[in-house]
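Here's the structure, in structure tokens; my notes come after.
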Amino acid sequence: MNALEVKNLSKTYKGFNLSNVSFTLPKGCIMGLIGENGAGKSTTIKLIMNTIRRDGGEITVLGKDNTKDFKETKEDIGIVLDEAYYPEQMTVLQINKFLKYSYKNWEEDRFFNYLKNFKLPEKKAFKEFSRGMKMKLAIAAAMSHKAKLLILDEATSGLDPMARDEILDIFYEYTRDEEHTILISSHIVSDLEKLCDYITFLHNGKLLFSEEKDRLLEEYAIMHCSKEDLRNIPKEKILGKRTSAYGADLLVKRSNGFKQYPLDKAGIEDIILLMIKEGVA
Ligand SMILES: Nc1ncnc2c1ncn2[C@@H]1O[C@H](COP(=O)(O)OP(=O)(O)OP(=O)(O)O)[C@@H](O)[C@H]1O
């Protein structure tokens, strides 16, 4: 079963269109949502959470329509945004009590285990937590109420590299039972490349690709060529381009030929930067 199906999703704001975005996230997998500032990542996440109204399309969470079966899908989703909000005076012990009443399936032991792993103090008030500590608390809470789909919108960006690495390991473990699924947006593409099974790339409100990461890494390559070579390559085979005084780096698909040229591996960051670099996308 798919944890998440997004079909032809559309939303218009003045000066911005999220248009016909479709992607599928199978259960037990991790999907990274990437795109530049204003690409439409948070809008997509808000539409999945049903906190804003869509103009068109369909969203299914674990087989249920996210608007018609809103109450059930809400229990199934754990959400962490880029800021964590809890009552300022509360300690984690008090926050635990508060969350116990808020969630039907609150898992106290799991929550305290995460707090221990994250080394969060039990007696400090929430307002005295650093930004990173606040985020860790929100992540621990989102993973402790039997949510089947965990959604993180820029939730790891404020963490130091060690904390991020630790949390990426926890996310990875979280999904290995095939019951938990993660959708995570981040500007730290190297983290997503390490963690994710799927990458979905939005640009100016449009979906440029939603693919298995391993397929992207196998299929795409960077070709270095001279300006003269560049003139002989069919435009439709150039998926991205960066030119300099000496020649060009082209993003190409290995399946499109190019055996006569040396091809370098393309990482996810190379792929997305080249795709949008000179307006090819
Ligand atoms: N409530 C709103 N009213 C009007 N426009 C909005 C609203 N919310 C978002 N937008 C616009 O929608 C576009 C997409 O915004 P969104 O927050 O989805 O981008 P994003 O990809 O999450 O960006 P970032 O990486 O900066 O967080 C932007 O142009 C933004 O100004």
Hey, Lys119 surrounded by 13 or more Cβ atoms within 10 Å (Cβ to Cβ), in a loop (DSSP other than H, G, I, E, B) and at positive phi or not: no
Looking only at region 27-48, filter to residues that are within 24 Å of Asp177 (Cβ to Cβ) and within 14 Å of the chain's Cα centre (by Cα); which one of those is farthest from the ligand (Cβ to nearest atom)? Cys29
Please give the number of the condition Asn105 fails out of (1) assigned to a helix (DSSP H, G or I); (2) in contact with an Asp or Glu (Cβ under 9 Å, 6 or more places away or on another chain); (3) surrounded by fewer than 18 Cβ atoms within 10 Å (Cβ to Cβ); (4) not hydroxyl-bearing (Ser, Thr, Tyr). (1)
Is it fair to say His187 is modelled with pLDDT under 95 and either over 12 Å from the mean Cα position of the chain (by Cα) or not aromatic (Phe, Trp, Tyr) (or both)? yes
Matching entry among Asp169, Asp160, Asp165, Asp197 (being closer than 26 Å to Glu83 by Cα, open to solvent by 10 Å² or more (accessible area, probe 1.4 Å) and in contact (Cβ under 8 Å) with a residue 60 or more places away in the chain): Asp197
Can you tell me which residue is nearest to the ligand (Cβ to nearest atom) among those in region 145-157 that are outside any strand (DSSP E or B) and over 12 Å from His180 (Cα atoms)? Glu154
Checking Arg54 against (1) away from the ligand (no atom under 16 Å from the Cβ); (2) in contact with a Ser or Thr (Cβ under 7 Å, 6 or more places away or on another chain); (3) basic (Lys, Arg), which test does it fail? (1)
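For region 1-83, list the strands (runs of 3 or more DSSP E) that sit wholly inside it and hold at least 3 residues that are of a type in the set (S, T, N, Q); which are they?
2-13, 16-26
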Failed criterion for Lys68 (all others in (1) open to solvent by 50 Å² or more (accessible area, probe 1.4 Å); (2) within 11 Å of the ligand (Cβ to nearest atom); (3) not small (Gly, Ala, Ser) hold): (2)
Please tell me if Phe111 is in contact with a Leu (Cβ under 8 Å, 6 or more places away or on another chain) and not assigned by TED's automatic domain parsing to the domain that holds Gly267. yes
Could you check, for region 77-91, whether at least one of its residues is within 27 Å of Phe23 (Cβ to Cβ), among the charged types (D, E, K, R) and either surrounded by 19 or more Cβ atoms within 10 Å (Cβ to Cβ) or assigned by TED's automatic domain parsing to the domain that holds Glu166 (or both)? yes
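The values are calculated or read from the model by the stated rules, or taken from the named source; none is laboratory data. Everything numeric in this text was worked out from a predicted model, so none of it was measured. Reconstructed Cβ throughout: ideal geometry from the backbone, glycine too, with neighbour counts over all protein chains shown. Surface areas here come from the heavy atoms of the whole protein model, side chains and all, with no ligands, DNA or RNA. Shrake-Rupley method; radii C 1.70, N 1.55, O 1.52, S 1.80 Å.
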